[in-house]
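Report on one structure; see the data block that follows.
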Amino acid sequence: MIIPLGDDNRDRRRVPFITYLLIAVNLVVFFVFQGFGNDYVFTYAFSTVPEEILTGQDIVTEGRVYSDPITGSKYSVPGLQPTPVSVYLTLLISMFMHGGWAHIIGNLLYLWIFGDNIEDRLGHVRYLAFYLTCGVLAALAHVIATLAFGGDTMTPMLGASGAISGVLAGYLMLFPRRRVRVLLILIVRAVPAWIAIGFWFVFQILNGIGVLGAGSQAGGVAYAAHIGGFLAGLLLIRVFAIGTKRRQ
C-alpha cells in the first residue's frame, strides 16, 4: 500500500483557501453535525440513498438487526431518517460527511496533498466547481452501479472520496511527473505522480471488480463512486483548465 506524505509545491502561486475551506467544512460536519460519526439521525438523514435518488421520494425505515453468518454475532443498523430537504441535495451534502475516523483522515490527507495544486492551476472558483461536479457525478455513478449490478438500493452512501478521486485524476493529467513523497513498506520515497495515483486507481479497479458482483458496495466502501469520480476528473479537468497556464 502506498501512502502519500507530500508533494513538490515550490511553484505554487495561490494560497489554496478553497482547499482549506473544504477541509474545514468536512471537519465541522463530522465533529459537530455527525457527533464524531456517532449521530446516526443526522447521518442517515443526509446520506445519499440510491432508491431515493431513483424515485425522488424520501424514504424512512426502521432500524435492522443483522447476524454475521460466520461468527453469529449480531449488530444493529439504524433505519433511514427523514430528509428535511430535497433528496437530490443529498448528492451534494453527503460528500461532506464521513463514516468514521479512518474515513475522514484518509480523505483529507489526499485532499491536503493534491488539492492545492489543482486549485493553483484552475483558480479558486473553477476548482470549487470542479470538485463539486466530480463529487456529484461520483455519487450518481454509485447509484447507477448499485441498480445495474443488483445492489441494495436502500444502503446509504457518504463521503468525500468521489470528489477527491476527481482531484486525483486532475492531478494525474496536469502534473503526471511531479514528485510525490510516499510511504512504501516503511520506506519514504519520491515517485512521479503517475505512479502514486496510478497505483491507487488500479487498487480501486481491482476491488471494484469484486464489489460489482455484490452490488457495487462491500465492506462499507463504495468503489463505484471512487471510479466514477476519477473518470469524471479525467474527462473534465481539461475543460476546467482551458485558458490556464500550464505547469508540470
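The values are calculated or read from the model by the stated rules, or taken from the named source; none is laboratory data. Note that the coordinates shown come from a computational prediction; the quantities given were computed from them, not determined experimentally. Note: ideal-geometry Cβ built from the backbone for every residue, glycine included; neighbour counts use all protein chains shown.
Points worth noting:
- Positions within the range 233-246 being surrounded by 13 or more Cβ atoms within 10 Å (Cβ to Cβ) and under 13 Å from LEU172 (Cα atoms), in sequence order: GLY233, LEU234, LEU235, LEU236, ILE237
- Within the range 173-191, the residues that satisfy the criterion of being over 21 Å from GLU119 (Cβ atoms) and either of a type in the set (D, E, K, R) or at pLDDT 85 or above (or both) are VAL182, LEU183, ILE187, VAL188, ARG189, ALA190, VAL191.
- Only one of GLY115, GLY63, GLY56 that is at pLDDT below 95 and small (Gly, Ala, Ser): GLY63
- Residue check for THR146: over 21 Å from VAL41 (Cβ atoms) and crowded, with 20+ Cβ neighbours inside 10 Å: yes
- Those residues of the range 70-96 which are surrounded by fewer than 19 Cβ atoms within 10 Å (Cβ to Cβ) and of a type outside the set (A, V, I, L, M), in sequence order: THR71, GLY72, SER73, LYS74, TYR75, SER76, PRO78, GLY79, PRO82, PRO84, SER86, TYR88
- For the range 22-54, the set of residues classified as within 18 Å of the chain's Cα centre (by Cα), of a type in the set (Gly, Ala, Ser) and closer than 20 Å to TYR88 by Cβ consists of SER47 only.
- Close pairs from the range 155-175: first assigned to a helix (DSSP H, G or I), partner among the acidic types (Asp, Glu) and surrounded by fewer than 24 Cβ atoms within 10 Å (Cβ to Cβ), Cβ under 9 Å, at least 6 apart: TYR171/ASP7
- TYR110 surrounded by 12 or more Cβ atoms within 10 Å (Cβ to Cβ), free of Cβ contacts under 8 Å to residues at least 12 places away in the same chain and either in contact with a strand residue (DSSP E or B) (Cβ under 7 Å, 6 or more places away or on another chain) or closer than 19 Å to LEU168 by Cβ (or both): no
- Any hit, the range 9-29, residues being at negative phi and loosely packed, with under 11 Cβ neighbours inside 10 Å: yes
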